[in-house]
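Worksheet: the structure to be examined is printed underneath.
The values are calculated or read from the model by the stated rules, or taken from the named source; none is laboratory data. The shown structure was predicted, so the numbers you read here are calculated from the model rather than taken from an experiment. Cβ atoms come from the backbone with ideal geometry, glycine included; neighbour counts cover every protein chain shown. Just the protein is used for accessible areas: all its heavy atoms, side chains included, with ligands, DNA and RNA removed. Shrake-Rupley method; radii C 1.70, N 1.55, O 1.52, S 1.80 Å.
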Amino acid sequence: MTFYPTDRLALFIDGANLYSAAKGLGFDIDYRKLLEEFRKRGVLIRAYYYTALVEDQEYSPIRPLVDWLDYNGFRLVTKPAREYTDAQGRKRWRGDMDVEIAVDMLEMAGHADHLVLFSGDGDFRVLVEAVQRKGARVTVVSTVKSQPPMASDDLRRQADSFVDLADLADIIGRPSRLPRFIQESRTTQADRDADADIDAEA
């Protein structure tokens, strides 16, 4: 990663996308380590974390993480997830945070030298180009080493630099607590769920 000590940095974490990428690589993100790592790389002025939350659930597995992030240096951006029924009649939730990420990145482009986007979503290519026109550099963090790859080729080409999440595993990760065979079966299920989400949006 090319960072300068005087760089004003801003992080933009697409929560669902980063979670899927890390799971595909078999580790969990340690968000304390992630923040510490980027504080070493420059002057960290903001770290945004984006996620949709399912309302009216007695317990949400993401709630403890969201609460921790909120108290530990991250700017939380959330919105309610929308419920829908997939082709097999199963109840699912969808919460696209693309607009929120785009608005914040465009606003921060005038205040930061280097924006770091944790997402491989190809829809962000035009956003990255717009941010670069404002004079900011953009690093994309995702992975091409998972099956299937999580990073869009168009997004990788547009970014000033691309960092594969697999290369950060030892720095910002902790091993998944699940045995490998369960991780693999869950990754396969996550792939099927992602395909179902894409089909539903099409």
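Scan Tyr19, Tyr50, Tyr71 and give me the residue that is farther than 21 Å from Ser152 by Cβ and out of contact with any Cys (no Cβ under 8 Å at 6 or more places or on another chain).
Testing whether each residue is farther than 21 Å from Ser152 by Cβ and out of contact with any Cys (no Cβ under 8 Å at 6 or more places or on another chain) leaves just Tyr71.
Among the residues in region 66-88, are any among the aliphatic types (A, V, I, L, M) and in contact with a His (Cβ under 7 Å, 6 or more places away or on another chain)?
no
For the condition modelled with pLDDT of 95 or more, within 19 Å of Ser20 (Cα to Cα), of a type in the set (Gly, Ala, Ser) and not in a strand (DSSP E or B), what is the one hit in Gly135, Gly120?
Gly120
What are the residues in region 138-158 that are farther than 17 Å from Asn17 by Cα and open to solvent by less than 10 Å² (accessible area, probe 1.4 Å), if any?
Val138
Could we say that Val99 is free of Cβ contacts under 8 Å to residues at least 24 places away in the same chain and closer than 22 Å to Ser20 by Cα here?
Judged against the criteria, Val99 is a match.
Could you list, in sequence order, all residues of region 69-95 that are under 17 Å from the mean Cα position of the chain (by Cα) and modelled with pLDDT of 80 or more?
Result: Leu69, Asp70, Gly73, Phe74, Arg75, Leu76, Val77, Thr78, Lys79, Ala81.
Mind checking which strands (runs of 3 or more DSSP E) fall wholly inside region 1-104 and carry at least 1 residues that are open to solvent by 70 Å² or more (accessible area, probe 1.4 Å)?
Per the criteria, 8-14, 43-53, 75-80, 82-85, 91-94.
May I ask you to verify whether Glu129 is surrounded by fewer than 16 Cβ atoms within 10 Å (Cβ to Cβ), farther than 26 Å from Ala169 by Cα and in contact with a Phe, Trp or Tyr (Cβ under 6 Å, 6 or more places away or on another chain)?
no
Among the candidates Ala130, Ala166, Ala112, single out the residue that is more than 16 Å from the chain's Cα centre (by Cα), modelled with pLDDT of 95 or more and not in a loop (DSSP other than H, G, I, E, B).
Ala130
Do we have any residue at all in region 44-52 that's of a type in the set (S, T, N, Q), touching a helix residue (DSSP H, G or I) at 6+ places or on another chain (Cβ under 9 Å) and more than 29 Å from Pro149 (Cα to Cα)?
Among the residues of region 44-52, not one is of a type in the set (S, T, N, Q), touching a helix residue (DSSP H, G or I) at 6+ places or on another chain (Cβ under 9 Å) and more than 29 Å from Pro149 (Cα to Cα), which makes the answer no.
Quick test for you: out of Arg94, Arg75, Arg125, Arg133, pick the one residue that is in contact (Cβ under 8 Å) with a residue 40 or more places away in the chain and closer than 29 Å to Phe162 by Cβ.
Being in contact (Cβ under 8 Å) with a residue 40 or more places away in the chain and closer than 29 Å to Phe162 by Cβ holds for just one of Arg94, Arg75, Arg125, Arg133, which is Arg94.
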